[in-house]
Amino acid sequence: MGNKKEKLTKSEIISKIAEIVERPKSEINLTIDTLVSIIISEMQIGHEITISGLGTFLKKRQNERLTINPATKQKIKTPSKNVPKFKPSKNLKDAVGLTD
């Protein structure tokens, strides 16, 4: 398939989980939507969310910095902002070969 990476969509994940746990797709979809909603709301208030075996979701502050507009080559001051981060667990790193 060349360099193009295959992607697994939310609906494909839902189908796989529904098949494994033998539950309706609608129930799995609600569970995933709820999980995502909880992660987002907890990150908004600054909490870290750790899912054992997967990793930690957290909010980091990115400092103000100088960037360059590629079209005009003009330097622009980019203000500081909060950005979402994900730190993979050791298990995940090992599984995908990110550790030695």
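Where a number appears in this text, it was derived from the coordinates with a stated rule and is not lab data. Just so it is clear, the structure is predicted and the values come from calculations on it, not from any experiment.
Observations on the model:
- Karplus-derived 3J(HN,Hα), 6.51/-1.76/1.60, for each residue of the stretch 27-42, Hz, glycine and proline x: 5, 5, 4, 4, 5, 5, 4, 5, 4, 4, 4, 5, 4, 5, 5, 5
- Residue-wise HN-Hα coupling along the stretch 8-25, computed from phi with Karplus coefficients 6.51, -1.76, 1.60 (Hz; x: Gly, Pro): 9, 7, 4, 5, 5, 4, 4, 4, 5, 5, 4, 5, 5, 8, 6, 10, x, 4
- Backbone amide hydrogens, once placed in the peptide plane, bring residue 55 within less than 5 Å of 89, excluding anything fewer than 5 places away on its chain.
- The computed mean projected area of the Cα convex hull in nm² for the structure shown corresponds, within (i) 5.9; (ii) 10.7; (iii) 6.5, to (ii).
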